[in-house]
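Student: The structure's right below; bear with me while I get my questions together.
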Amino acid sequence: MRALAAPIALSLMTIPALTASPRIEAAVKVFQTVGTDADRLKTYCELEKIEEQIAKNADPSLGVRMDKLLDELGENFKEAWVTATTIDPASEDGKVLDAALEQLSDRCPH
């Protein structure tokens, strides 16, 4: 019975990704791709730091810097980012996107 528990648990964890909309699936793929490219990952990590600074201090120059980093990451990333920031984090799609961004963030040096 225990031998079946792990595969069942793993299959349940992948269900949100399988039921996500095509737009969400596309965003997740973009985030995964960024995680495999060292240069883009470095840029993403900078973006993450800027986002944390913006949360503490609404300095307009930080917004300009964030826009520049989003441009560097490319149009597909910008679309995925907008999707991630406009979806309700409590929704199933939001949970899928949060998990993908968490995996990406985990690759950044902290």
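The values are calculated or read from the model by the stated rules, or taken from the named source; none is laboratory data. Predicted model only: the values in this text are computed from it and were never measured. Backbone-built Cβ (ideal geometry, glycine too); neighbour counts: all protein chains shown.
Student: I'd like the full set of residues that are under 20 Å from H110 (Cα atoms), modelled with pLDDT under 90 and hydrophobic (A, V, I, L, M, F, W, C), limited to region 40-78.
Tutor: I54, A55, L62
Student: Within the set of pairs 6 or more residues apart or between chains, which connect a residue that is closer than 20 Å to T33 by Cβ inside region 82-99 to a residue that is surrounded by fewer than 12 Cβ atoms within 10 Å (Cβ to Cβ) and modelled with pLDDT of 95 or more with Cβ atoms less than 9 Å apart?
Tutor: Listed by first residue and then by second, the contacts come to nothing, as the list is empty.
Results for (1) loosely packed, with under 12 Cβ neighbours inside 10 Å; (2) without any contact (Cβ under 8 Å) to a residue 40 or more places away in the chain, shown as yes or no for each residue.
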site: V28; (1), (2): no, no
site: D37; (1), (2): no, yes
site: R40; (1), (2): no, yes
site: Y44; (1), (2): no, no
site: K49; (1), (2): no, yes
site: E52; (1), (2): yes, yes
site: N57; (1), (2): yes, yes
site: R65; (1), (2): no, yes
site: L70; (1), (2): no, yes
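Student: Whether any residue in region 1-13 is modelled with pLDDT of 85 or more and among the basic types (K, R) is what I want to check. Full working, then the answer.
Tutor: Initial filter on region 1-13 (modelled with pLDDT of 85 or more): none.
No, every residue in region 1-13 fails to be modelled with pLDDT of 85 or more and among the basic types (K, R).
Student: Applying the selection to region 73-87, what residues are surrounded by 14 or more Cβ atoms within 10 Å (Cβ to Cβ) and of a type outside the set (S, T, N, Q)? Reasoning before the result, please.
Tutor: Taking region 73-87 first, the residues surrounded by 14 or more Cβ atoms within 10 Å (Cβ to Cβ) are 73-74, 76-81, 83-84, 87.
Once the filter is applied, which keeps residues that are surrounded by 14 or more Cβ atoms within 10 Å (Cβ to Cβ) and of a type outside the set (S, T, N, Q), region 73-87 yields L73, G74, F77, K78, E79, A80, W81, A84, I87.
Student: Determine whether D93 is charged (D, E, K, R) and loosely packed, with under 14 Cβ neighbours inside 10 Å.
Tutor: On the way: charged (D, E, K, R): yes; loosely packed, with under 14 Cβ neighbours inside 10 Å: no.
When the stated conditions are applied, D93 does not pass them.
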